[in-house]
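Below is one structure; the comments refer to it alone.
The values are calculated or read from the model by the stated rules, or taken from the named source; none is laboratory data. All figures in this text were calculated on a predicted structure; none of them were measured in a lab. Cβ sites come from the backbone with ideal geometry, for glycine too, and all protein chains shown count toward neighbours.
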Amino acid sequence: MEKEKKRQYLDVNVPRSLEPYFEELLERPEIKAQVKGEGFTLTYSGLGMWIIHRFLLDNVPAYRFQRVNTTGNRISLYDQKLKRLADIYINPKTGSLHCQLCNAEECEHIKYALTLQDIKEKLKT
């Protein structure tokens, strides 16, 4: 028996009662610019995908942050929300972390870096 192919997209149904709100959003110039600027289409589907994308950026660190590189005492993360690179440095003497982007020892970038298994292991040594 052949394994069923996984479809590329998930189906999400939105109640028709939300249609006026989708219309209103698609008519607003600032929303149009954001949706289009982030590569989504100016359709109900595109708007829905953009809304989900924004929600994920705000609520799911593994979606928001992408590890770019780890060399020596530096971890580089790309922050999709800020569209910036965050370099986090490990102080070899103290094991403390410093985020150059935020100029802080505690921030979302460091919090995420501490969830990465190899970083946890590096800090234990």
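A few points about this structure:
- Test: Ile31 is modelled with pLDDT under 95, among the aliphatic types (A, V, I, L, M) and under 21 Å from the mean Cα position of the chain (by Cα): no
- Residues (over 20 Å from Gln34 (Cα atoms) and surrounded by fewer than 12 Cβ atoms within 10 Å (Cβ to Cβ)) located in region 67-85: Asn69, Thr71, Gly72
Conditions (1) among the aromatic types (Phe, Trp, Tyr); (2) at negative phi, marked per residue:
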residue	(1), (2)
Leu18	no, yes
Glu30	no, yes
Leu47	no, yes
Val60	no, yes
Lys83	no, no
Tyr89	yes, yes
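- Selection count, region 15-48, where residues are surrounded by 11 or more Cβ atoms within 10 Å (Cβ to Cβ) and either assigned by TED's automatic domain parsing to the domain that holds Tyr112 or assigned to a helix (DSSP H, G or I) (or both): 17
- Taking the listed residues Ile51, Ile88, the one that is surrounded by 10 or more Cβ atoms within 10 Å (Cβ to Cβ) and in the same structural domain as Asp118 (by TED's automatic domain parsing) is Ile88, with no other qualifying.
- Of all the listed residues (Asn69, Asn91), the sole one being under 17 Å from the mean Cα position of the chain (by Cα) and at pLDDT below 95 is Asn69.
- Of the strands (runs of 3 or more DSSP E) lying entirely inside region 68-125, those containing at least 2 residues that are closer than 19 Å to Leu57 by Cβ are 74-79, 84-90.
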